[in-house]
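The values are calculated or read from the model by the stated rules, or taken from the named source; none is laboratory data. Computed from a predicted structure; not experimentally measured. When we count neighbours, we look across all protein chains shown, and the Cβ atoms used for this are built from the backbone with ideal geometry, even at glycine.
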Amino acid sequence: MFRKVLTVIATVFLFGGGCLHADAKKNWTSPDGGLIAHAENHKADGSADYTDWDVVTIRDRNGKVLASLSLEDGSGINRAVVTDAVWSPGSRFFVFETASSGGHSAWHEPTYVYDAKTSLIYSIDDSIGAITSDNSPLHFVHGDTLHVALYNSDAEKESDAFCFPKELSLPDFVMNAKIALHSKRMALRRP
């Protein structure tokens, strides 16, 4: 029995969520190999572990920084780390979920989208509503259409009391999406 439990724990650790998409240094390479997303962890000197944050950077294959987003955003309550991330099959979009490093609002997983066409990082939460967990890793259902779970603030009928699933076409989304606060576009990507 103990051996089975250890096997399950090891399987979840090795193949669960974001571990499948990133290497040990939190690097995610686009399917076409042209872009690399990286989440670098930061801590204030002498601070507790729950106050750390990530800075997400998108670079081209030559190392040129195209965009970045700091998840520091104020006090320890607001600082966040990347928990899951995935590239779209065509390498246009990089999507990443975050969570508060202090464990606040554990239901809420602020989610961001980098668009290689504009070199901008957009906030899904600020654009269409709060993203919450439906206990599935980030994934594209087809092409550039992403599966998300929105917080069920209006108690949608025929849905979970806490969240409801939505298929989000990212090319349509970025046309009217809000750019993430604290994001920086360094350069446009040249195909």
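A compact table of results
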{"quantity": "Candidate set from region 94-122 (those that are polar (S, T, N, Q) and under 10 Å from the mean Cα position of the chain (by Cα)); member that is modelled with the lowest pLDDT", "calculated": "T98"}
{"quantity": "Every pair of residues 6+ apart whose Cβ atoms lie under 7 Å, when the first sits in region 164-187 and is in a strand (DSSP E or B) while the second is of a type in the set (A, V, I, L, M) and surrounded by fewer than 17 Cβ atoms within 10 Å (Cβ to Cβ)", "calculated": "E167/V141"}
{"quantity": "Output for region 157-183, where each listed residue is in contact with a Ser or Thr (Cβ under 7 Å, 6 or more places away or on another chain), over 16 Å from S119 (Cα atoms) and at pLDDT 80 or above", "calculated": "E167, L168, S169"}
{"quantity": "Residue that is touching a Pro at 6+ places or on another chain (Cβ under 7 Å), modelled with pLDDT of 70 or more, surrounded by fewer than 20 Cβ atoms within 10 Å (Cβ to Cβ) and of a type outside the set (V, I, T), where the choices are S70, S91", "calculated": "S91"}
{"quantity": "N41 vs. criteria outside any strand (DSSP E or B), at pLDDT below 85, in contact with a strand residue (DSSP E or B) (Cβ under 8 Å, 6 or more places away or on another chain) and more than 21 Å from K166 (Cα to Cα)", "calculated": "no"}
